[in-house]
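Please read the structure below before turning to the comments.
The values are calculated or read from the model by the stated rules, or taken from the named source; none is laboratory data. Source: prediction; values computed, not measured. Please note: Cβ atoms are built from the backbone with ideal geometry, for glycine as well, and neighbour counts cover all protein chains shown. Accessible surface is based on the protein model in full, side chains and every heavy atom, while ligands, DNA and RNA are left aside. Shrake-Rupley method; radii C 1.70, N 1.55, O 1.52, S 1.80 Å.
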Amino acid sequence: MPEILRLGQGEPVPPRIAVVGCGGAGCNVLQQVPADLGLTRVALNDAPHRSMAGVASRLLLPRESLYGLASMDDAAVKTLSTPEEKTIAGAVLNHDLIVPIAGLGGETGGPAAALVGRVSKILGTATLALAATPFTAEGMNRRVAAERALELLSKKVDGLVAFSNNELLRLAPQLPLLRAFQVLGEIMVRPLVDLARSMTRTDVGTLRGFLLSRGRWRFGGGSGEGKHRAFSAVEEAFASPWLPKDPDMIGGIVVLVAAPDFGEALAGEVAHEVRLAAPRAVPLVGGYADPGLGERVRVSFLAGW
């Protein structure tokens, strides 16, 4: 079986993370990032929007320029030469990890997130994008636009975690559409929260290399209680609708564990269950103590293939 890699290495200094909500949907998700994480929050849109309220750093950029700037060849154009790029750079400079968040299918979110990725690449900063794709009910035009944005964004960041709105309906088929958007936002910030609480600054380089090793990343989550809580949590996470049905497809998996009694023993137990379920996957394991979980253990996966 592949070797188990670990987060939580080096000096216990938290990474400097900037989270950029791109477009109206991305800014809505940004509002769900807990304030106590100490992350830099940046709201980026083409016009003022209520979802930007309360965010100290707010950027307004013309939507007409976003896609063209984001599409520039990074190898040919290696400098930040436009006002839009310099504005973004000023907001995210001096961070270890930049996380653009967007809902795809519109004219602003996807191109803006890709431009954030381009700027971050030029700055030499690691990136992990979180992006939601439209419900079928939102229409063919939005789905086509989302596919185009997803392809561009994947070229600009180290890792891209895509969340299909349609798959959310498998979890809660009776959920009203507006409530579904809110629930998906809560799910999207979970891997960000768990990474922020599990990593040190030293870990960012490890995470970046791990993300670059796979082309596609998806999220899974689960929890468990009782004697076999690690098994139950891992089993539920692998059943998440965004993960492939065949675990043998997974080549790498970031495993983030939260529990009131988190420690080496629990991390090892969860890693063991993950290796049994996906024996071909290289695990990168981290975690943290969370007294608020009672007796539960919670796991978050970022699975890549």
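Structure data summary
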{"read-out": "Flag for ARG280 being charged (D, E, K, R) and either within 27 Å of PRO14 (Cβ to Cβ) or in contact with a Phe, Trp or Tyr (Cβ under 8 Å, 6 or more places away or on another chain) (or both)", "value": "no"}
{"read-out": "Unmet requirement for SER223, which otherwise passes all of (1) touching a Lys or Arg at 6+ places or on another chain (Cβ under 6 Å); (2) part of a strand (DSSP E or B); (3) surrounded by 19 or more Cβ atoms within 10 Å (Cβ to Cβ)", "value": "(3)"}
{"read-out": "When residues of region 112-131 are limited to those that are outside any helix (DSSP H, G or I) and open to solvent by less than 10 Å² (accessible area, probe 1.4 Å), the one farthest from LEU211 (Cα to Cα)", "value": "ALA131"}
{"read-out": "Breaking point among (1) open to solvent by less than 10 Å² (accessible area, probe 1.4 Å); (2) under 21 Å from the mean Cα position of the chain (by Cα); (3) among the small types (Gly, Ala, Ser), for GLY287", "value": "(1)"}
{"read-out": "Strands (runs of 3 or more DSSP E) contained in region 1-77 and holding at least 3 residues touching a residue at least 24 places away in the same chain (Cβ under 8 Å) and crowded, with 21+ Cβ neighbours inside 10 Å", "value": "17-22, 40-45"}
{"read-out": "Scope region 226-271; condition in contact with a strand residue (DSSP E or B) (Cβ under 6 Å, 6 or more places away or on another chain), of a type in the set (D, E, K, R) and in a loop (DSSP other than H, G, I, E, B); matching residues", "value": "none"}
{"read-out": "Matching residues in region 132-154 - criterion: being under 29 Å from THR87 (Cα atoms), surrounded by fewer than 20 Cβ atoms within 10 Å (Cβ to Cβ) and among the polar types (S, T, N, Q)", "value": "SER154"}
{"read-out": "Residue satisfying condition, being assigned to a helix (DSSP H, G or I), among the basic types (Lys, Arg) and at negative phi, within set ARG298, ARG275", "value": "ARG275"}
{"read-out": "For VAL157: the one exception among (1) crowded, with 17+ Cβ neighbours inside 10 Å; (2) over 28 Å from ASP73 (Cα atoms)", "value": "(2)"}
{"read-out": "Neighbours by Cβ (under 7 Å, 6+ apart or cross-chain): first from region 266-283, closer than 13 Å to VAL297 by Cβ; second open to solvent by 40 Å² or more (accessible area, probe 1.4 Å)", "value": "ALA271/ILE4; GLU273/PHE231"}
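Conditions (1) of a type outside the set (A, V, I, L, M, F, W, C); (2) out of contact with any helix residue (DSSP H, G or I) (no Cβ under 7 Å at 6 or more places or on another chain); (3) open to solvent by 10 Å² or more (accessible area, probe 1.4 Å), marked per residue:
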site: GLU167; (1), (2), (3): yes, yes, yes
site: ILE187; (1), (2), (3): no, yes, yes
site: ALA196; (1), (2), (3): no, no, yes
site: ASP203; (1), (2), (3): yes, yes, no
site: ARG208; (1), (2), (3): yes, yes, yes
site: LYS227; (1), (2), (3): yes, yes, yes
site: ALA230; (1), (2), (3): no, no, no
site: ASP246; (1), (2), (3): yes, yes, yes
site: ALA258; (1), (2), (3): no, no, no
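A quick yes/no check of all residues on (1) within 15 Å of the chain's Cα centre (by Cα); (2) β-branched (Val, Ile, Thr):
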{"site": "ALA114", "(1), (2)": "yes, no"}
{"site": "VAL119", "(1), (2)": "no, yes"}
{"site": "ARG142", "(1), (2)": "no, no"}
{"site": "SER154", "(1), (2)": "yes, no"}
